[in-house]
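Single-structure report; data block below.
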Amino acid sequence: MSPPPDPVPVGDKTSSKRLTPHRAPRSRWRRLAPLPALGGTLAAFGYVATVDPNTPGHYPLCPLRYYTGVYCPGCGGLRSAYAIAHGHLRTALECNALAVAGFLLLAVAWAAWSAAALRGKPFAPTLRPGYRNLAIALVVAFTVVRNLPFGGFLAP
């Protein structure tokens, strides 16, 4: 006894949709995936641009700074984002140079993710252990130096 015939003829235009129902939507979503990340980032920067972090009462205080008096690596990051949103790069660097470098790295990563998505390729960045350790050492050094008397130029 032979198997029943395929309900959709092979040459039919709808056969590819029935044989691979999830292929087209998955690749479409993969190509669109960077857009919500961009939207969220623009919304966050837009909020910070309209609500000045230099005015007390709008944002919570840094708990480390509040309880210990020590600047964390993120202290001044909102003021830095506010300055970038208003086009004041020098002020942003004075508020938190590490945050500005982080914003730049995230923008480059987003651009690479978008380029991969447009080509339909997955985006899986890898960081070698040596580079990861270097990044950690830079953040620790930044935090230590900005809290020392001679590192006042890095304090927000």
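Just so it is clear, none of the values below were taken in a lab; they were calculated from the coordinates. Owing to the predicted nature of the structure, the values given are computational and were not obtained by experimental measurement. Note that we place each Cβ from the backbone using ideal geometry, even for glycine, and neighbour counts take in every protein chain shown.
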Output the peptides 84-90, 35-41 sorted from most to least packed, where packing is the average of other Cβ atoms within 10 Å over each peptide's residues. 84-90, 35-41
Cα→Cβ-extended label distance, 7 Å offset, between Y66 and V145, nm: 3.0
Quick check: pseudo-label points 7 Å beyond the Cα along Cα→Cβ at Y59 and R128, how many nm apart are they? 3.5
If contacts are Cα pairs under 8 angstrom and at least 6 residues apart, what is the relative contact order of the stretch 23-156 in percent? 28
Based on the mean of other Cβ atoms within 10 Å per residue, sort peptides 119-128, 66-75, 92-101, 145-154 so the most packed one is first. 92-101, 66-75, 145-154, 119-128
So for the stretch 42-98, what percent of the C-alpha to C-alpha distances run longer than 19 Å? 28
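Using the eigenvalues of the Cα gyration tensor, what equivalent ellipsoid semi-axes result for the stretch 35-134 when each is taken as the square root of five times the eigenvalue, whole Å, largest first?
28, 19, 12
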Each label point is 7 Å from the Cα along the Cα-to-Cβ direction; what then is the distance between the points at R90 and L32, in nm? 4.4
